[in-house]
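Down below is the structure, laid out as structure tokens.
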Amino acid sequence: MRLPGLSIRGRISIGSVLIAAVLFSSAAFFFRLEVQSILIATTETLLRNDAAPLVADLVRNPTEPIDAPTEGQLIAVVDPAGELHRSSLPLSLSNRLDSLADIGEHPQTIDTGNTRYLVASTTAVTDTGNWVVITARNEEALSLLLDELTRVLTIGTIVLTLGFGLASWLLTGAALRPVNRLRAEAESLSTAGASDHLLVPAGNDEVSRLAITLNDFIGRLRRGVNREKQVVSDASHELRTPLAVLKSQLELARLNSGDAPALERDIADASVTVDRLARLATNLLELSKLEAHHARPETSWTGLVAEVSASVDRARLVRGGADLDVDYRVDGDDPDGRYAISPTNVGQLVDNLVSNSVNAMHGQGAVMVTLRRAGEEAILTVLDTGPGMPEGFIPVAFDRFSRPEHSRAGGGTGSGLGLAIVHAIVDRANGTISLQNTGGGLAAEVRLPRRTRAR
């Protein structure tokens, strides 16, 4: 029921009253019809019972005197010649004996103007001819009884409907009270900016599940806000150094404006710094796109293999040299497998992991990329022969702007976002990634869950 301006409690209560009114009124109407039918059937039975003993006496011996009717019985006996032998009918009916004698055994209602009667006539076949026994019953008592029943049913229907509406109002208020409390708590949290969660009511009903859902939603919002704050803070920190360096380089270029070779070196150094800033901005944008909520993509096993091959080819082209070997291997096949990752993200994933390994080895060593099927997962492994990674750094390796201390000291140009991008890609594909030192290098293992193609 759509009633603008009314609360849920009001709408439910009004709807309940209307439904109750229809149901109770219908029940009262059919109950009255049933009672009326029973009373009419009872009256007809009484009419037949009034006539039965007289008919039996007449059939047995029509010459015997006819017994006087008992009190309350309305009876008339007419002989074969049409003479009235006995009558307790009121005058208004006695004046209509000829027509009443032809009514038959099926009772009919006769309206005399002031009173209505239910009348029946029964024929007694005797040796002296056909006698007619006329019986009547006053319908006034029946009408009074039905009128009283109608009044009682009407009052009862109104009382029950109002009671049902009141019960609906109270029950709805009790049911919505936890919701109102949740709303008040949410308003308080919104106004105060508190970090608490909504109080989950006891039980496992819809309201408690709503509170749990809202708490999860609030938690996700807070994590998103905190993540964005952290990104802004980290980006500000990471941008501060290259911007200061760029400013110094430009100042040096201005001071060396008369020295062409020195000016050229300053411009080249500034260009490198600008490239670093561009990579940082590009990686930040890529992270933002990965963390946005879009429809999840899908790639086949063939797509995974093609992207791994293309990524290795790119690494060979860019990092070509006799001292660096980049290769890949594919074990098994999965023609029906589908994976929740786009081909572009597969390329980014392998590119970043291979680039991370190549940078760590300073252009000397080997990188092996392996793709294999294991149960309901596709496993991608990037294994290098580099120096590995400090054990204390592995737990935070996927955090944004995180770099090993020796990398910072060594003047590495990485932004600290490569592994963060890898983690975001894998997380979006519902997969997992782990890093492990092998003693002769570093192994990065990515597990992507498999989807079965709908048939």
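FRET efficiency for the pair Glu44 and Glu298, taken as 1/(1 + (r/R0)^6) with r the Cβ-Cβ distance and R0 = 60 Å, rounds to 0.15. Were the residues from Ala101 through Arg254 laid out at 0.36 nm apart, the gain over their Cα-Cα distance would be 41.5 nm.
Against the compact-protein benchmark of 2.2 N^0.38 Å, the Cα-based radius of gyration of segment 54-147 scales to 1.11. Spacing of the modelled spin labels on Asn61 and Glu34, each 7 Å from Cα toward Cβ, amounts to 4.9 nm. Length available on full extension from His362 to Arg177: 0.36 nm per residue minus the Cα-Cα distance, which gives 60.0 nm. Note on Leu221 and Leu162: the extension gain reaches 16.7 nm, defined as 0.36 nm multiplied by sequence separation minus the Cα-Cα distance. Once the Cβ-Cβ distance of Leu149 and Ser94 is raised to the sixth power relative to R0 = 30 Å, the FRET efficiency obtained is 0.40. Taking packing as the residue-averaged number of other Cβ atoms within 10 angstrom, the listed peptides 49-59, 116-126 run from highest to lowest as 116-126, 49-59. If R0 equals 41 Å, the separation of the Cβ atoms of Val272 and Glu391 corresponds to a calculated FRET efficiency of about 0.80. Think of each Lys and Arg Cβ as +1 and each Asp and Glu Cβ as -1; about the Cα centre, that makes the dipole of segment 1-64 roughly 800 debye.
Each value in this text was obtained by applying a stated rule to the coordinates, not by laboratory testing. Not measured: the values here are computed from a predicted model. Neighbour counts run over all protein chains shown; Cβ positions are idealised from the backbone, glycine included.
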